[in-house]
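Participant: Sharing a structure with you now.
The values are calculated or read from the model by the stated rules, or taken from the named source; none is laboratory data. Since we're looking at a predicted model, the values are computed, not measured. Quick reminder, even Gly has a Cβ in these numbers, built from the backbone with ideal geometry, and neighbours come from all protein chains shown.
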Amino acid sequence: EDQVTQSPEALRLQEGESSSLNCSYTVSGLRGLFWYRQDPGKGPEFLFTLYSAGEEKEKERLKATLTKKESFLHITAPKPEDSATYLCAVRSMIYNQGGKLIFGQGTELSVKP
Amino acid sequence: NAGVTQTPKFQVLKTGQSMTLQCAQDMNHNSMYWYRQDPGMGLRLIYYSASEGTTDKGEVPNGYNVSRLNKREFSLRLESAAPSQTSVYFCASSEGDRGPSYSNQPQHFGDGTRLSIL
């Protein structure tokens, strides 16, 4: 069964304190791994897609990496505006999945000034 | 720059009442999805429509029905609301999945409908 587990559930950082969020996955052939950011009262906002082990993507202070079993979202020198819940999701190679995503439960990041 | 629009944003129902949640996208996407988000459960797929004219069950379809009205609109109906359906409902859309070689586009989400059932 396809499954996504994110850790930690919550992370509190001081401004400028770099850290990483983890997304472990089990899927029947990975077609893509997606990272989203969700602010309170809003829908998830797309950040990155990763397709194969070894791939990396960057956007401002965020860098996402992928291995065969997990993905990391590295946050370098975070600012208070990076506070949000970060969601990880995977898509299977099985065609009749209709492009469905399996989501993890998210990591709630709080960055204090 | 609307993207995915959901209405209403908030709703309170009594047990047994019915209602329809509306979703429209202006990105000419083929596929549309309905999720619910509950504390500690993450986003769970209720129903999806891979393309206009088709709908399929997701992970938690019981108690819901959907209609893909046209390429832009995908509605979710609660026929007889229950307290267990209290949740935040999100609609999403994507280019779609036309086969293993088709481009792997992300889903884009609306801002949700917060539904309370008393």
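Participant: Working only within segment B:93-118, note down all residues that are under 17 Å from residue B:44 (Cα atoms) and either surrounded by fewer than 18 Cβ atoms within 10 Å (Cβ to Cβ) or at pLDDT 95 or above (or both). Write out each step before concluding.
Facilitator: Keep residues of segment B:93-118 that are under 17 Å from residue B:44 (Cα atoms), which gives B:93-94, B:106-115.
Within segment B:93-118, B:109, B:110, B:111, B:112, B:113, B:114, B:115 qualify.
Participant: Return yes or no: is residue A:73 more than 10 Å from chain B (Cβ to nearest Cβ) and within 18 Å of residue A:108 (Cβ to Cβ)? Break it down stepwise before answering.
Facilitator: Values: more than 10 Å from chain B (Cβ to nearest Cβ): yes; within 18 Å of residue A:108 (Cβ to Cβ): yes.
Taking the combined requirement at face value, the residue satisfies it.
Participant: Here is a list of conditions, (1) surrounded by fewer than 20 Cβ atoms within 10 Å (Cβ to Cβ); (2) among the small types (Gly, Ala, Ser); (3) in contact with a Ser or Thr (Cβ under 9 Å, 6 or more places away or on another chain), and residue A:71 meets all of them except one; can you say which number that is?
Facilitator: (1)
Participant: Something else now. Need the failing condition index for residue B:51 against (1) under 26 Å from residue A:2 (Cα atoms); (2) not in a loop (DSSP other than H, G, I, E, B), just the number.
Facilitator: (2)
Participant: Within segment B:1-31, take every residue that is within 10 Å of another protein chain (Cβ to nearest Cβ) and part of a strand (DSSP E or B) and give me the one that is surrounded by the most Cβ atoms within 10 Å (Cβ to Cβ).
Facilitator: B:31
Participant: Just to be sure before I move on: is residue B:79 touching a residue at least 60 places away in the same chain (Cβ under 8 Å) and away from chain A (no Cβ under 14 Å) in the structure I sent?
Facilitator: On the way: touching a residue at least 60 places away in the same chain (Cβ under 8 Å): yes; away from chain A (no Cβ under 14 Å): yes.
Considered against the rule, which asks whether it is touching a residue at least 60 places away in the same chain (Cβ under 8 Å) and away from chain A (no Cβ under 14 Å), residue B:79 comes out as yes.
Participant: Of everything in segment B:47-74, what is away from every other protein chain (no Cβ under 14 Å) and surrounded by fewer than 18 Cβ atoms within 10 Å (Cβ to Cβ)? Give them in sequence order. Full working, then the answer.
Facilitator: Of segment B:47-74, the ones away from every other protein chain (no Cβ under 14 Å) are B:62-65, B:67, B:69-73.
Those that are away from every other protein chain (no Cβ under 14 Å) and surrounded by fewer than 18 Cβ atoms within 10 Å (Cβ to Cβ): B:62, B:63, B:65, B:67, B:69, B:70, B:71, B:72, B:73.
Participant: Still on this model: With the requirement that a residue be in contact (Cβ under 8 Å) with a residue 60 or more places away in the chain and within 14 Å of another protein chain (Cβ to nearest Cβ), what does segment A:12-65 give you?
Facilitator: A:23, A:25, A:27, A:28, A:29, A:30, A:31, A:34, A:38 - these are the residues of segment A:12-65 that are in contact (Cβ under 8 Å) with a residue 60 or more places away in the chain and within 14 Å of another protein chain (Cβ to nearest Cβ).
Participant: Looking at segment B:10-37, which of its residues are hydrophobic (A, V, I, L, M, F, W, C) and touching a Lys or Arg at 6+ places or on another chain (Cβ under 8 Å)? Lay out the reasoning, then the answer.
Facilitator: Let us first name the residues in segment B:10-37 that are hydrophobic (A, V, I, L, M, F, W, C), namely B:10, B:12-13, B:19, B:21, B:23-24, B:27, B:32, B:34.
B:10, B:19, B:21, B:24, B:32, listed by residue number.
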